[in-house]
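Structure, as structure tokens:
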Amino acid sequence: MERACDNCAIPDDELVLVRRVYVSPERWDTSASEQVVESPELWCVSCVSQYPHRAVEDPGVIDEDGQDEEHELR
Ligand SMILES: [Zn+2]
């Protein structure tokens with residue numbers, strides 16, 4: 001079954017589990033900040049390369065080395 005990217009809704013079979021990050025740019029009265037969204041989303045490779053995000057560190061998903069870019073998501 002094909003899944004779609006949670007960000008752009010384009011179907012893709014190479015989706016990556018990430019947490020979206022909202023970046024607030026620096027202003028004259030506040031410094032730049034990032035807000036990480038709690039619930040993980042599945043993004044396509046294109047979105048991952050274009051938008052700020054955090055890798056999801058889920059022990060049930062990540063491989064032994066923990067650094068693989070392509071997990072088996074079940
Ligand atoms: Zn996408």
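Read-outs: derived from the displayed coordinates by stated rules, not from any lab. A quick note: this is a predicted structure, and the numbers were derived from the prediction, not measured. Positions of Cβ are generated from backbone atoms using ideal geometry, with glycine treated the same way; all protein chains shown enter the neighbour counts.
Numbers for the structure displayed
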read-out	value
Members of the stretch 1-55 that are over 14 Å from the mean Cα position of the chain (by Cα), part of a loop (DSSP other than H, G, I, E, B) and among the hydroxyl-bearing types (Ser, Thr, Tyr)	Thr30, Ser31
Single match in Val48, Val18, Val23 (criterion: touching a Pro at 6+ places or on another chain (Cβ under 7 Å), surrounded by 15 or more Cβ atoms within 10 Å (Cβ to Cβ) and at negative phi)	Val18
Selection count where residues are touching a helix residue (DSSP H, G or I) at 6+ places or on another chain (Cβ under 7 Å), near the ligand (Cβ under 9 Å from one of its atoms) and acidic (Asp, Glu), scope the stretch 1-51	0
